[in-house]
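The values are calculated or read from the model by the stated rules, or taken from the named source; none is laboratory data. Since the model is a prediction, treat every value here as computed from it, not as a measurement. Glycine gets a Cβ as well: all are built from the backbone with ideal geometry, and neighbour counts include every protein chain shown. Please note that ligands, DNA and RNA were not included when accessible areas were found on the heavy atoms of the full protein model with its side chains. Shrake-Rupley method; radii C 1.70, N 1.55, O 1.52, S 1.80 Å.
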Amino acid sequence: EPYQRKNWTFDPKIGFVVDVYQNLTGEFKCESNLDSEDFVLIRYGDNGTDTETGNFTGMPKFFFPTGRTDLVCNEEHRRNLTKLEDIRCDHPSACDMHRNCFQTEECSATKLVGKYCLTGDCIITEQAHPFGIAMCQAGETKIFDYHFMGFDKKQYLLSQGNFPERALIYMNDVNPVLYTDEPGTFYCQAIAFLFTEKIQFSVVYKNGTKSSLPDGRFERYTREELEATIAFGAVQNGIRVNLTEDMREIICHAPWYNSSSAWYTKSRKFTVLSVKAPSILRSNTAHLFYKGDTGRTLICKAEGHPAPIFKWYQNESEIVSASGLSIINTEAESVLQFPEVNLSYMGIYECKASNRVGKDSVTFRVDVR
């Protein structure tokens, strides 16, 4: 008997939304409005459900297998794939200009043509282009998508969205403590497929204000000075900053390729200190030890930025680990530890503290009885 048309709501994610009744029985037919031979029959009865298909074409879809750079296209009903092609291009705007290449062989030098998978009904292009546009055809249905390789060396489809930050933008690490006597070096890279020139920078001050980098205080890098973290496809820029103590953060701003107002940002926070030559605290420089004593120490404390480097000397000879004495250093203090005291430890000890802007020293006299 003829089928009755049902005006059921269609949801592209799950299909037709049907009002289900407790005793739903009968035969239901989903048919293409272009071809009556494109159909699916579903029969509900007392013995369960039975399905029959004609030449029904489902929607194809792209994906990258986990951990691989092969581009795969398959079709919902796994029966009507006809073609997969991938064309190398530099960014989505340029990729759109290459769409006519899917219909001709003019772009064969930049085109990868897919092969059918060894198992299942799908087509795969081995080692897809790092940046490009792909077309997959299932029956008469064609879909297109852009894809790119991120800094994490993984492939992504532009339609996915919500990309991890590490895939799109990179900024060099800096020390958490920087100093006013040396320029801070910052550079930033973004995937050229999605971002355009020019990357810009701003500075955030301790009082919370933010401004673009003022003229005259920064020496801008040339591109050749940047150490690329990826061999291809990066827009990049860098700066050397004359640091002041009121600065706390440098922000990199990368402009999205098709927007004048959309920016991705990455930043580095730090503390800036004024440099200061070491200054050793002098107190209790004369010591009396007794033979057989244990746990005896000499303590050398110094203030300085950057943190000073300490060295100890006994009777003008630098103390090394083989001497039996041990040295424990922290950022602002150095402790010389004695094993069991004997007469050989009698003498003059000197502590020297130095950094790149200066040095200081103090002497200790040790008597042993």
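Kindly check whether there is at least one residue in the stretch 144-159 that is within 20 Å of LEU81 (Cα to Cα), free of Cβ contacts under 8 Å to residues at least 24 places away in the same chain and outside any loop (DSSP other than H, G, I, E, B).
no
Is there a residue being aliphatic (A, V, I, L, M), out of contact with any strand residue (DSSP E or B) (no Cβ under 7 Å at 6 or more places or on another chain), loosely packed, with under 15 Cβ neighbours inside 10 Å and modelled with pLDDT of 80 or more anywhere in the stretch 97-108?
Within the stretch 97-108, one or more residues are aliphatic (A, V, I, L, M), out of contact with any strand residue (DSSP E or B) (no Cβ under 7 Å at 6 or more places or on another chain), loosely packed, with under 15 Cβ neighbours inside 10 Å and modelled with pLDDT of 80 or more.
Limited to the stretch 106-127, what total is found for residues that are without any contact (Cβ under 8 Å) to a residue 24 or more places away in the chain and either out of contact with any Lys or Arg (no Cβ under 8 Å at 6 or more places or on another chain) or within 14 Å of LEU81 (Cα to Cα) (or both)?
Of the residues in that region, 7 qualify.
Has the stretch 174-186 got at least one residue that is surrounded by 14 or more Cβ atoms within 10 Å (Cβ to Cβ), in contact with a strand residue (DSSP E or B) (Cβ under 7 Å, 6 or more places away or on another chain), touching a residue at least 12 places away in the same chain (Cβ under 8 Å) and under 18 Å from SER93 (Cβ atoms)?
Within the stretch 174-186, none of the residues are surrounded by 14 or more Cβ atoms within 10 Å (Cβ to Cβ), in contact with a strand residue (DSSP E or B) (Cβ under 7 Å, 6 or more places away or on another chain), touching a residue at least 12 places away in the same chain (Cβ under 8 Å) and under 18 Å from SER93 (Cβ atoms).
Which of the residues spanning the stretch 255-287 are open to solvent by 50 Å² or more (accessible area, probe 1.4 Å), part of a strand (DSSP E or B) and under 30 Å from ALA94 (Cβ atoms)?
Residues satisfying the conditions are TRP263, TYR264, THR265.
Only one of these is surrounded by 12 or more Cβ atoms within 10 Å (Cβ to Cβ), of a type in the set (Phe, Trp, Tyr) and on the phi < 0 side of the Ramachandran plot: TYR349, TYR290. Name it.
Within the list TYR349, TYR290, the selection yields TYR349.
When you scan the stretch 161-170, do you find a residue that is modelled with pLDDT of 90 or more, among the aliphatic types (A, V, I, L, M), buried (at least 21 other Cβ atoms within 10 Å of the Cβ) and touching a helix residue (DSSP H, G or I) at 6+ places or on another chain (Cβ under 6 Å), even just one?
no
Among what's in the stretch 333-346 and is open to solvent by less than 60 Å² (accessible area, probe 1.4 Å) and under 48 Å from the mean Cα position of the chain (by Cα), pick the residue that is nearest to ARG296 (Cα to Cα).
LEU336
For the stretch 310-326, does any single residue satisfy the condition of being under 38 Å from the mean Cα position of the chain (by Cα), within 30 Å of THR180 (Cβ to Cβ) and at pLDDT 95 or above?
Scanning the stretch 310-326 turns up at least one residue that is under 38 Å from the mean Cα position of the chain (by Cα), within 30 Å of THR180 (Cβ to Cβ) and at pLDDT 95 or above.
Could you list all residues from the stretch 176-195 that are outside any strand (DSSP E or B) and either under 18 Å from the mean Cα position of the chain (by Cα) or at positive phi (or both)?
ALA192, PHE193, LEU194, listed by residue number.
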